[in-house]
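The values are calculated or read from the model by the stated rules, or taken from the named source; none is laboratory data. Quick caveat: nothing in here was measured; it's all calculated off a predicted structure. No Cβ is skipped: glycine too gets one built from the backbone with ideal geometry, and neighbour counts run over all protein chains shown. Quick note on the areas: whole protein, heavy atoms, side chains included, nothing else; ligands and nucleic acids left out. Shrake-Rupley method; radii C 1.70, N 1.55, O 1.52, S 1.80 Å.
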Amino acid sequence: MRWNRFWILGLGTLFTCTFFIQAKNNPVSRKQDKPIRTIVIDAGHGGEDPGAKGSYSTEKQVTLEVALKLGKILEENMPDVKVVYTRKSDRFDDPRKKAQIANDNKGELFVSIHCNSTGKIRKVTGYKTVYHKKGRRKVATRQAIYAYYPSNAKGTETYIWATSKNSAKMESLKQNSVIVLDANSEETKQLMNDSDPETFILLNTLRNAYFDQSLRLSTLIEDEFTRVGRISRGARQRNEKGIWVLSATAMPSVLVELGFISNPEEEDYLNSNSGQQELANCIYKAIKRYRDELDRFTNSRNNTQQSAKEERTGSGPHAYLKTGKSRKGKPVAPQQSDSYCVQLLVTDKFYKPGASIFRKLHGAVTREQVVMNKKKMNKYTLGRFRSDEQASTALRKARKLGFKDAFVTSC
Ligand SMILES: [Zn+2]
C-alpha cells in the first residue's frame, strides 16, 4: 500500500513538474506519457581503469559483459525503449563523460554496473619464538604467524546517491533543463537559470521525486536478486567514490554491485555465462516492474484527466494544462493536484502533532512513517493548501523557522 501512495504522490508531483516545464514550450504535448523512453546502461570502469581485481579477472571485464547482456535483453523485450551504453568496449572514460552521455541522450533511467571487493583477511596459523636482547639477557617472546585469505564477503548491493549530495543532483537537473522538450530555447534557458524561489521549489520537488524513484528501483533490483537465491546486502545510500555519477545524471539513477570479485566463489559466478545472464535478467525484471508501475500510474492519470476534461463543457486542451502567468509575471505550476503540502522534515525522532518545534508554524502537522535505509523514519508534513502560492508562502515561513530541507509537494 505504501508504494501505491508513493506512485500517486511522487509521480503526481513529478508529472506536475514535467508538465510545468514542458508546457512552457508545447502545452498540448503528450509525448511524456510514455514514462521511460531511454535507459542508459553504464558498465563501470574500463580501459586503463580495471576497477577491483579478483584472482584471475577484473571488474571492468565483468561489468562490460553484464551491461551488454542487460542491454540485449532490454532491446529484445522493450523495443520501444532506446538503450544507450556509456561504453560497449574496453574503453576508459572519465565519469564526467559518462554523465554527459546520459544527459545528452536525455536518459530517463541510469543504471551503473559494478563489482564489489574487500581486502584479504588475516588469520593466525601458528606461533614462533623469537629472541631479543634485554640488557645482557636474552629474552624469548612468542610471535604469531599470519596467513592471508580471501574474504568470504558475498552478495549484492544497490546504491542511490546519499541525501548529502542532493544539491549536486539539483545542479545537474538545472544544468540539463531536465525533461524540457526544447532545452535550447531562450525561454527555457531563462526559466532554468532563474534563481527565483518557484524554480528552486520545482527543481527541489523533481529531485525528491527522482530520489524516491531511484530508491524504488534499487529495492526492486535487490528483490529480484533475492528471488534467484543471491544474498542481498540491501538497497543503500552511499556518499563515497564511484557514486559521483549518480548525482551528476539528471534522471533517476542507481549503482548495482553485482557481487564480490574478491571472493573466489563469487568470482567464478561473476565470470560464468550463466551467472552473468542471471544477473542481467534480474536487473531487467526489476526495470520491467518499475516501468509497469510507472505505466499503470500514467494510464490512471490520463483516464482521470480525460474524464475531467469531458466534464468541462467547452473547455479546450488547456483546461488541465494551465500555464498562465501570475500577477508578478512568474510562471504558475499547473493545477493537477487538488492540494499542496509542505514536507518539513524526515527524521528518526518522534514528535507529537502539537510539539513545540511545530508550534510557530500555526498549521496542522501530520506524521507518516516511512522506511529509509531499512530504518523506520517519521515524515512530517504541514497543512493542505489550495494553491501552490499559499504553499510557497508557508514554505518560506517554515524555512525561516529552521526547516531548511522543507519543500512543497502535492498531497
Ligand atoms: Zn567499481
Taking 0.36 nm per residue of separation between K120 and K138 and subtracting their Cα-Cα distance, the length gained on full extension comes to 2.9 nm
The pairs in K60/K285; K169/K379; K106/K349; K53/K285; K82/K174 lying past 30 Å Cα-Cα in this model are K106/K349
Taking a label point 7 Å from the Cα of D104 along Cα-to-Cβ, the residues of the stretch 38-81 whose backbone nitrogen sits under 18 Å from it are 38-43
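Between R37 and Y351, what FRET efficiency follows from the Cβ-Cβ distance if R0 is 45 Å, with the result rounded to 0.05?
Rounded to the nearest 0.05, the efficiency is 0.60.
Just to confirm a number: summing +1 for Lys and Arg and -1 for Asp and Glu over residues other than S55 whose beta-carbon lies under 14 angstrom from that of S55, what do you get? Don't skip to the answer; put the middle values down first.
Values: positive: K53, K120; negative: E59, E265, E266, E267, D268.
My count for the surroundings of S55 gives -3.
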Cα gyration tensor of the stretch 338-410 diagonalised, 5x eigenvalues square-rooted, in angstrom largest first, produces semi-axes 20, 14, 11
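What is the sum of charges, Lys and Arg at +1 and Asp and Glu at -1, for the other residues whose Cβ falls under 14 Å from the Cβ of F92? It would help to have the intermediate numbers written out before the result.
Working: positive: K60, R87, K88, R91, R96, K97, K98; negative: D42, E48, D49, E59, D90, D93, D94.
Every neighbour counted, the sum reads 0.
Once R0 is set to 30 Å, what does the formula 1/(1 + (r/R0)^6) return for the Cβ-Cβ distance between K404 and K376, expressed as a FRET efficiency to the nearest 0.05?
Details: r = 23 Å, r/R0 = 0.75.
Rounded to the nearest 0.05, the efficiency is 0.85.
For an R0 of 30 angstrom, estimate the FRET efficiency from the Cβ-Cβ distance between D292 and K88 and round to the nearest 0.05.
Working: r = 28 Å, r/R0 = 0.92.
In this case the efficiency is close to 0.60.
Under a 1.4 Å probe, what is the accessible area of the stretch 338-410 per residue, stated in Å²?
On the way: 4470 Å² over 73 residues.
Roughly 61 Å² per residue, with all protein chains present.
What full-extension length gain, to one decimal in nm, is calculated for N281 and S167 as 0.36 nm per residue of separation minus the Cα-Cα distance?
Difference between extended and current length: 37.7 nm.
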